[in-house]
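The values are calculated or read from the model by the stated rules, or taken from the named source; none is laboratory data. Computed from a predicted structure; not experimentally measured. Cβ placement follows ideal geometry from the backbone for every residue including glycine, while neighbour counts extend to all protein chains displayed.
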């Protein structure tokens, strides 16, 4: 399964149906939504005989976002999201070997693994056979770890 794929199938009356596959390793849901919206605008423009819009680059988007900082709209949105923070539940208390209050020095261990191109291709091939995406595979342990910690917390 590709990280990003666009296919078309021919329907009756020479119409096309476009199919998207978008793995969240290459972008987030907001990015995907922007892509779909832009495709729809271009499609509508072409159907109406209009030229596609001038090309915008990520730099244009980043500069536009930056220009909003300090504006009333930006401040209103920032206040909204800060208020939302007050309504979120606290983070789960994951099991710890020792209480943080008794520690004078906090040590952590970073774990990582790096796959070479062949290993990555093999893994993606196995995932495709199982109809899984790489991002789905990589995020599977996280909720299980959280669930384990929350379950243990409930029994204390």
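Name every residue in the stretch 77-110 that is surrounded by 10 or more Cβ atoms within 10 Å (Cβ to Cβ) and part of a helix (DSSP H, G or I), in order of residue number. Please lay out each step first, then the result.
Taking the stretch 77-110 as the starting set, the residues that turn out to be surrounded by 10 or more Cβ atoms within 10 Å (Cβ to Cβ) are 77-79, 92-95, 103.
Matches in the stretch 77-110: 77, 78, 79.
Being within 22 Å of the chain's Cα centre (by Cα), surrounded by 10 or more Cβ atoms within 10 Å (Cβ to Cβ) and assigned to a helix (DSSP H, G or I) is the requirement here; does residue 61 meet it?
In short, yes.
Would you point out the residue of the stretch 1-46, among those that are loosely packed, with under 11 Cβ neighbours inside 10 Å, more than 26 Å from residue 124 (Cα to Cα) and touching a strand residue (DSSP E or B) at 6+ places or on another chain (Cβ under 9 Å), that is modelled with the lowest pLDDT?
Result: 16.
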